[in-house]
Each structure stands twice: as structure tokens, then as C-alpha cells.
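Visitor: First the structure, which I've put down as C-alpha cells, then a few questions once you've had a look.
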Amino acid sequence: MDEDNKLMTNIHEMRHLGRFGFDGKGGQNRILRILSEDGAMTQRELTERLGIQPGSASEVLGKLEKAGLIIRSQNTADRRTTDVAVTDAGRTQAAEAAAHRDERVHEMFAVLSADEKAVLLAGLEKLNRAWKEKDKEHRRGEYGKGEKRHG
């Protein structure tokens, strides 16, 4: 495997660890964190923010609601819409999960010196900016030619 592919493999593995290893089963802690930080929102807004399918969101939200961590209610302005809010118990769990996550993050990067962290961060930020710009160019080219946007 060449160096570029090794880098991509490591980025993929780190993404997986970051997403699934730190936010808990099914992203429940991520949902609680978002609702704690941003306040109540519609189920659709939350689903879009999470980047998951509505059916998947409904399943996870149902579990959170059953556990008493969130409340779902009918939107007063649009009866077809459901609002989602975190409960005090959910806020507490989100805070505990955030503290645990912070500990794990610091533990993960403890193997690097301050200089190594600075170099890694600079490289990742540079890649991120370049990929975002490439994505913008791709979207302008693809969708600017009358093609339908999927997603």
C-alpha cells in the first residue's frame, strides 16, 4: 500500500473511532449533546444535522424518549412536524458523556508531543480546506449543468 492509501486508511479508522468510539451506541450521546447545546428543534432539523435517514432517527429518538432523555411533541405551528427537546436527565447524561469523551480524546492524543500535535493539526486543517474547496467545485460543476441533485 502506498503512502497516500496508508494515510486514507488511517483517516478512515480515526473517523470511525471518533464517531462510534466517543459518541456511544447509535449516536445517542451525540443527539443529546446537540439538543443540549442548541436547544429544541424539529425532528427533521435534527435528522438533517445528524446526516441520517428519518427512519433511523425515529428509532434512536424512540429509545431516548422511552429512557426519559428526550421529549417529542407536536409542533404548535405545523401539526405535521415533531419537536424534539432534551430533558434534565438527558442534559445530565450529555454532560457526563462529554466529560468522558474529553478524557478519551486527551488520552488518545497523549502519545503525541505538542510539536507533533501542531504539525498534525496543521496538515489536517490544510487537507480539510482543500477537500471542502474541491467539493464545492465538484458540486458547482455537477449541479450547474442542469443535472438533478440527489440526496
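The values are calculated or read from the model by the stated rules, or taken from the named source; none is laboratory data. Since we're looking at a predicted model, the values are computed, not measured. Counting neighbours? That spans all protein chains shown, and the Cβs are built from the backbone with ideal geometry, glycine included. Accessible surface areas use protein heavy atoms only, side chains included; no ligands, DNA or RNA. Shrake-Rupley method; radii C 1.70, N 1.55, O 1.52, S 1.80 Å.
Visitor: Pairs only if they're at least six apart or on different chains, beta carbon under 9 angstrom, first in the range 65-93 and over 18 Å from residue 28 (Cβ atoms) and open to solvent by less than 100 Å² (accessible area, probe 1.4 Å), second in a strand (DSSP E or B) and charged (D, E, K, R); list them, first residue then second.
Guide: 73/83; 75/83; 83/72
Visitor: Inspect the range 105-118 for any residue being of a type in the set (S, T, N, Q) and open to solvent by 70 Å² or more (accessible area, probe 1.4 Å) and give the result as yes or no.
Guide: Just the residues of the range 105-118 that are of a type in the set (S, T, N, Q), to begin with: 113.
Narrowing further to those that are open to solvent by 70 Å² or more (accessible area, probe 1.4 Å): none.
Checking the range 105-118: not a single residue is of a type in the set (S, T, N, Q) and open to solvent by 70 Å² or more (accessible area, probe 1.4 Å).
Visitor: Additional query: How about the range 106-150: which of its residues are at pLDDT 85 or above, touching a helix residue (DSSP H, G or I) at 6+ places or on another chain (Cβ under 8 Å) and either among the basic types (Lys, Arg) or not in a helix (DSSP H, G or I) (or both)?
Guide: 112, 117, listed by residue number.
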